[in-house]
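Peer 1: My questions all concern the structure below.
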Amino acid sequence: MHVRNRIRVLGTPNPGYTYQATAISADCKKVALVSLADFVIHEVTSTFESQIVCWGDNTKRFAPQPKITVEQKSATSYHIAALSNRVLAIASQEAFVDIRNAGTGERINLLRLDPSDLICRTIDFSPDGQHLAVGFENGDVLIFQAGLLFDFAGESPIRLRYKEGGFHKIPVVSVAFSHDSSLMAICTKDNVVRCYRLDHLSDGFFEEYVEPATYGKRGSPADISDLALYGPFCLATCALY
């Protein structure tokens with residue numbers, strides 16, 4: 001049976017409007033389009049039909065439909081995003097992570113980063129929405145206990161830190177979670193992937209891959225560390241432990 005590919009365009013082409021990030025929920029039913037100053041969440045059906053769920057900007061505004069907003073590039077502009085089935089998290093390049101209800105656009109919390117000049121490199125939810133990982137240029141990774149009740153104001157985040165010899169800061173490149181949300185892998189710019197059990201983060205990593213194998217070959221020590229390539233291999237291997 002021949003099935004014709006169906007393509008839908010989300011958003012409106014506009015040369016004066018720049019999308020900074022996109023994010024897809026674990027159930028693949030929601031897509032977030034994020035600009036410098038606002039976001040729109042679309043719901044996509046199995047037939048690729050879509051409708052706008054909500055809108056919000058980097059103030060406290062939110063609405064069922066988009067409103068006029070002014071883009072202004074700064075250290076606090078929206079930068080990268082992650083989306084669970086119920087929560088949207090958007091990090092500015094520095095200063096904060098904006099936590100939003102993915103059904104209404106309403107702000108749940110504004111997580112202030114400490115120090116405020118940390119440069120965010122990656123952000124991701126575990127598939128079950130219980131953990132939010134934010135990786136930084138200085139090698140730190142903050143793990144927030146997100147929970148399903150929109151509670152980001154409870155426990156302090158767990159901070160994981162990577163410093164070669166205790167001095168040299170190694171930027172975080174990407175973070176990946178296993179499908180069952182039990183394992184997490186963090187990749188740093190030195191081409192090393194470290195794997196953690198989410199229920200024992202304080203124990204540190206339990207497996208470390210240096211120049212991980214991909215497609216049957218060893219990776220090069222070049223700056224190509226990306227869990228889009230290495231993550232499935234590492235997490236599948238760790239699941240055997």
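Peer 1: Taking Asp151 as the residue in question, decide whether it is within 18 Å of Ser126 (Cβ to Cβ), at pLDDT 85 or above and surrounded by fewer than 21 Cβ atoms within 10 Å (Cβ to Cβ). Let's see the steps before the verdict.
Peer 2: On the way: within 18 Å of Ser126 (Cβ to Cβ): yes; at pLDDT 85 or above: no; surrounded by fewer than 21 Cβ atoms within 10 Å (Cβ to Cβ): yes.
So Asp151 does not fit the description; no.
Peer 1: Now a separate question. Among the residues of the stretch 222-238, are any surrounded by 15 or more Cβ atoms within 10 Å (Cβ to Cβ), more than 21 Å from the chain's Cα centre (by Cα), modelled with pLDDT under 85 and at positive phi?
Peer 2: Within the stretch 222-238, not a single residue is surrounded by 15 or more Cβ atoms within 10 Å (Cβ to Cβ), more than 21 Å from the chain's Cα centre (by Cα), modelled with pLDDT under 85 and at positive phi.
Peer 1: Only residues in the stretch 107-118 that are within 21 Å of Ala63 (Cα to Cα) and touching a residue at least 12 places away in the same chain (Cβ under 8 Å) count as the first member; pair them with residues that are part of a strand (DSSP E or B) and aromatic (Phe, Trp, Tyr), Cβ under 6 angstrom, at least 6 apart or cross-chain, and list the lot.
Peer 2: Pairs that qualify, where the first residue is within 21 Å of Ala63 (Cα to Cα) and touching a residue at least 12 places away in the same chain (Cβ under 8 Å) and the partner is part of a strand (DSSP E or B) and aromatic (Phe, Trp, Tyr), are Leu110/Phe96.
Peer 1: Next up: For the condition surrounded by fewer than 16 Cβ atoms within 10 Å (Cβ to Cβ), in contact (Cβ under 8 Å) with a residue 40 or more places away in the chain and either touching a strand residue (DSSP E or B) at 6+ places or on another chain (Cβ under 8 Å) or part of a loop (DSSP other than H, G, I, E, B) (or both), what is the one hit in Gly103, Gly129, Gly135?
Peer 2: Gly103 is the lone residue from the list that is surrounded by fewer than 16 Cβ atoms within 10 Å (Cβ to Cβ), in contact (Cβ under 8 Å) with a residue 40 or more places away in the chain and either touching a strand residue (DSSP E or B) at 6+ places or on another chain (Cβ under 8 Å) or part of a loop (DSSP other than H, G, I, E, B) (or both).
Peer 1: I'd like to know if the stretch 21-37 contains one or more residues that are at negative phi, among the acidic types (Asp, Glu) and touching a strand residue (DSSP E or B) at 6+ places or on another chain (Cβ under 9 Å).
Peer 2: no
Peer 1: Still on this model: Select from the stretch 197-219 the residues that are at pLDDT 80 or above, over 17 Å from the mean Cα position of the chain (by Cα) and not in a loop (DSSP other than H, G, I, E, B) and list them in ascending order.
Peer 2: Within the stretch 197-219, Arg197, Asp199, His200, Leu201, Ser202, Asp203, Glu207, Glu208 meet the criteria.
Peer 1: Tell me which residues, restricted to the stretch 106-126, are surrounded by 18 or more Cβ atoms within 10 Å (Cβ to Cβ) and part of a loop (DSSP other than H, G, I, E, B).
Peer 2: The answer is Leu113, Leu118, Ser126.
The values are calculated or read from the model by the stated rules, or taken from the named source; none is laboratory data. As the structure is a computational prediction, the values presented were derived from the model and not from experiment. Glycine gets a Cβ as well: all are built from the backbone with ideal geometry, and neighbour counts include every protein chain shown.
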